[in-house]
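Novice: Got a structure for you, questions after.
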Amino acid sequence: MRLTRIAATVAGIAAVALTASLAGCSASPSAEDSAVELVIGNQPAASQTAELALFKEQVAAFTKLHPKWKISTSETGWDSQTFQAKLAGGDLPTVIGVPFTEMAGLIKRGQAADITSSLDKAGVKDELNSSMVDLASKSGKTYGIPTSAYALGLAYNRDLFTQAGLDPDNPPTTWDEVRAAAKTITEKTGQPGFSQLTKDNMGGWILTAETYTRGGAMENAEGTKATFDAAPTKDALEYLKDLRWTDDSMGANALVGISDIAQDFAAGHVGMFVIQSDAFGTLTQQLKMAPEAFGFASLPTEKASDDPITLSGGNIEIVNPKASDAQKEAAVDWIKYVYLDKYTDKDNAVKAAEAAAAQGAPVAIPGLSAVSDAKYTQYLDWVSDVNNVPVDNFKPYLDRAAKQTVKAEPVANAQDVYAALDPVVQAVLTDKNADIDALLKSAAATVQGKLGR
């Protein structure tokens, strides 16, 4: 669930930019540099020309560093329908990427290797974002390496803030402050102060994040029971109801898709909405929003003293549970080489940044990083001279990032949860007399029927 579903062009440019960093990468030699067999999954399909070319270049460069290893690739990626069969049949690659939401189940079923020792030997674990590592860990052992992620936050239009007499360097940090700011923006500028995605499963996706910030959950830990028909989700909907019907600060359109909200926000017709930070790329590259007008902050909290909570999704690289110790080390070396080296090597970071800048692509968009806060801050400093992204506009997010709790999407049937909640959000925004309790009870029953299958 991301704004980047309309950002293929930007993603392609960024992929090409990464190529430059590979030429200067140097992976740490493995302690077991013998005839290790390593099968790398997630090879892009032939139709993905740019992505496949980049992938092949990565593999070729890595192979030169380990000439004794037998390295091959596979198009096999995560597929819940075939994963277990491929694992049982010996057809699963040594290393493969999986969604955040799958990790708990994979660990529970013994379908991801314990790579704790390999991480310690490679010195990787301490470089990673601990809140993300927790998503791939259990009982002190680590079963995967998070490599990419999004975290939702509050995007706001700095120009509209200024026009409304608000301080764009000090955006709201609580939901009450968001409501007050939204009302002021609408009164002063005539534009909706706040907008909410409501369709294409994104209404439920954003409502899930808003539930998390209020201490709620959409399902129990096992993913066997729908739990969103409770106070946190109800409070989130009552809040939207107040913005729409009491304050009139959301506008009249209740069927809002990602393209709608992105275009309105870029054009200065929306003050605030919830989305991930790398939406900056699409908004500025494709929709021509002025980079200086984009602001980004952590998701608001209920009380000013609360630390922020965010919903996150992304990719975690796991190792085949049948892998030998040498294969585990090789897999970790590959993951470190491809995904993490630019955060630990200044030359690699600068080369990648220069290539991105030359392509006109955003160099480094602040957000949730796979590496630790210290490593990420260092990386941003390394590329600061060539970074074409106004990092200061993300300061309200970065200042609170270290204290942010990262929560994954619902562990079971996440898309069914979102789909069931889209019409609930729509109903609240189209009918001021909507019965929120009844709507949530009905939606929960619908989801429960799917969880019980």
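Novice: Name the pairs: first residue in the range 269-283 and β-branched (Val, Ile, Thr), second residue assigned to a strand (DSSP E or B), Cβ to Cβ under 7 Å, at least 6 apart or on different chains?
Specialist: From residues that are β-branched (Val, Ile, Thr), the pairs are Val270/Asn157; Val274/Leu152; Val274/Leu154; Ile275/Leu152; Ile275/Ala155.
Novice: Could you pull out the residue among Asp345, Asp431, Asp385, Asp381 that is assigned by TED's automatic domain parsing to the domain that holds Thr211, farther than 17 Å from Thr211 by Cβ and either among the β-branched types (Val, Ile, Thr) or over 21 Å from the mean Cα position of the chain (by Cα) (or both)?
Specialist: Exactly one of Asp345, Asp431, Asp385, Asp381 is assigned by TED's automatic domain parsing to the domain that holds Thr211, farther than 17 Å from Thr211 by Cβ and either among the β-branched types (Val, Ile, Thr) or over 21 Å from the mean Cα position of the chain (by Cα) (or both), namely Asp431.
For every residue, the table says whether it meets (1) among the charged types (D, E, K, R); (2) exposed (fewer than 12 other Cβ atoms within 10 Å of the Cβ); (3) assigned by TED's automatic domain parsing to the domain that holds Asn220; (4) under 20 Å from Asp333 (Cα atoms).
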{"position": "Lys56", "(1), (2), (3), (4)": "yes, no, no, yes"}
{"position": "Thr63", "(1), (2), (3), (4)": "no, no, no, yes"}
{"position": "Pro67", "(1), (2), (3), (4)": "no, yes, no, yes"}
{"position": "Phe83", "(1), (2), (3), (4)": "no, no, no, no"}
{"position": "Ala104", "(1), (2), (3), (4)": "no, no, no, no"}
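Per-residue answers, yes or no, for (1) among the hydroxyl-bearing types (Ser, Thr, Tyr); (2) surrounded by fewer than 24 Cβ atoms within 10 Å (Cβ to Cβ); (3) in a loop (DSSP other than H, G, I, E, B):
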| site | (1), (2), (3) |
| --- | --- |
| Tyr337 | yes, yes, no |
| Leu340 | no, yes, no |
| Lys351 | no, yes, no |
| Pro362 | no, yes, yes |
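Novice: Let me ask something else about it. Being small (Gly, Ala, Ser), within 30 Å of Gln196 (Cα to Cα) and either assigned by TED's automatic domain parsing to the domain that holds Ala290 or not in a loop (DSSP other than H, G, I, E, B) (or both) is the requirement here; does Ala412 meet it?
Specialist: So Ala412 fits the description; yes.
Novice: Just to be sure before I move on: is Gln378 free of Cβ contacts under 8 Å to residues at least 40 places away in the same chain and assigned to a helix (DSSP H, G or I) in the structure I sent?
Specialist: yes
Novice: Same structure again: For Asp79, work out the one condition from (1) more than 23 Å from Ser372 (Cα to Cα); (2) crowded, with 19+ Cβ neighbours inside 10 Å; (3) of a type in the set (Asp, Glu) it doesn't fulfil.
Specialist: (2)
Novice: I would also like to ask the following. Report, by residue number, each residue of the range 393-409 that is touching a residue at least 24 places away in the same chain (Cβ under 8 Å) and assigned to a helix (DSSP H, G or I).
Specialist: Asn393, Phe394, Lys395, Pro396, Tyr397, Leu398, Arg400, Ala401
Novice: What tally of residues in the range 106-132 results from selecting those that are part of a helix (DSSP H, G or I), touching a residue at least 60 places away in the same chain (Cβ under 8 Å) and surrounded by 15 or more Cβ atoms within 10 Å (Cβ to Cβ)?
Specialist: Total satisfying the criteria: 8.
Novice: Okay, next question. Condition (residue is buried (at least 20 other Cβ atoms within 10 Å of the Cβ) and over 26 Å from Ala402 (Cβ atoms)) applied to the range 294-305: is it met by at least one residue?
Specialist: So far as the range 294-305 goes, no, none of its residues is buried (at least 20 other Cβ atoms within 10 Å of the Cβ) and over 26 Å from Ala402 (Cβ atoms).
The values are calculated or read from the model by the stated rules, or taken from the named source; none is laboratory data. What you see is a predicted model, and the numbers here were worked out from it, not measured in a lab. FYI the Cβ positions are ideal-geometry reconstructions off the backbone, even for glycines, and counts take in every protein chain you see.
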